[in-house]
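The values are calculated or read from the model by the stated rules, or taken from the named source; none is laboratory data. From a predicted model like this one, the values you see are computed outputs, not experimental measurements. Note that each Cβ is placed from the backbone with ideal geometry, even for glycine, and that neighbours are counted across all protein chains shown.
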Amino acid sequence: MVSKKEHQAHSHCPLALGLDIVGDHWTLLIVRDLLFGKHEFKEFLESDEGISSNILSDRLARLQAQTVVQWIHHPQSKKRKLYYLTGKGKELIHVVVPLVRWSLKHRQGEVQIPAQRAAALQQGPEQFIRSTLQALAEWESAHGIDAMGTHTRL
């Protein structure tokens, strides 16, 4: 098996290089949670998939190192963090939505998604993506994060 360091050292394949960042079981699930409104460490831990805290810490650190995720202090406590996707991270919605649609088509009997998201997907992937990104922009604005992903409040 080729390690991620080997891909970076030996491969110029865009798929291999992209998978170096988001190609494990947990990373896209964290991105999914960030896309759909989770922002706190404890919220990620509560997801149905049951990620362990050490794996979550590791994946968040990797995503931060790749500038896919950033964090700000929680307004109620400087000890807590609120994580959010950078512009680079938000672009992964164009990976997540097609994968969701593929699963809906090919794993019909197994897939369960919230009714509100299923209804939004029925409007088409472009509208779903727009409304999801709009909700993220509203959250960011409410938390003092500008369009460049910079926290503007001290």
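Odds and ends about this structure:
- Hits in region 85-122 - residues which are more than 26 Å from LEU60 (Cβ to Cβ) and among the acidic types (Asp, Glu): GLU110
- Residue in region 65-82 that is among the hydrophobic types (A, V, I, L, M, F, W, C), loosely packed, with under 13 Cβ neighbours inside 10 Å and touching a residue at least 40 places away in the same chain (Cβ under 8 Å) present: no
- For LYS105, the conditions (1) part of a helix (DSSP H, G or I); (2) within 18 Å of the chain's Cα centre (by Cα); (3) under 23 Å from HIS25 (Cβ atoms); (4) charged (D, E, K, R) are fulfilled apart from (2).
- Scan region 77-106 for residues that are in contact with a strand residue (DSSP E or B) (Cβ under 7 Å, 6 or more places away or on another chain) and over 15 Å from PHE36 (Cα atoms) and the total you get is 2.
- Every test in (1) loosely packed, with under 14 Cβ neighbours inside 10 Å; (2) within 21 Å of LEU28 (Cβ to Cβ); (3) of a type outside the set (Val, Ile, Thr) is passed by GLU138 save one, and that test is (2).
- Evaluating ARG32 against the criteria (1) at pLDDT 95 or above; (2) over 22 Å from GLY18 (Cα atoms); (3) touching a helix residue (DSSP H, G or I) at 6+ places or on another chain (Cβ under 7 Å); (4) not in a loop (DSSP other than H, G, I, E, B) leaves one unmet condition, (2).
- Evaluation of ALA135 against the conditions (1) assigned to a helix (DSSP H, G or I); (2) more than 19 Å from the chain's Cα centre (by Cα) shows that the sole unmet condition is (2).
- Residues in region 39-59 that are closer than 18 Å to THR132 by Cβ and surrounded by fewer than 18 Cβ atoms within 10 Å (Cβ to Cβ) were compared, and the one that is modelled with the lowest pLDDT is SER47.
- Qualifying residue in region 59-69 (condition: β-branched (Val, Ile, Thr), in a strand (DSSP E or B), in contact with a helix residue (DSSP H, G or I) (Cβ under 7 Å, 6 or more places away or on another chain) and within 17 Å of ASP24 (Cα to Cα)): yes
- Taking the numbered list (1) over 10 Å from the mean Cα position of the chain (by Cα); (2) surrounded by fewer than 18 Cβ atoms within 10 Å (Cβ to Cβ) in turn, ARG62 passes all entries but (2).
- Flag not set for LEU99, criterion: surrounded by 13 or more Cβ atoms within 10 Å (Cβ to Cβ), closer than 21 Å to LEU29 by Cα and out of contact with any Gly (no Cβ under 8 Å at 6 or more places or on another chain).
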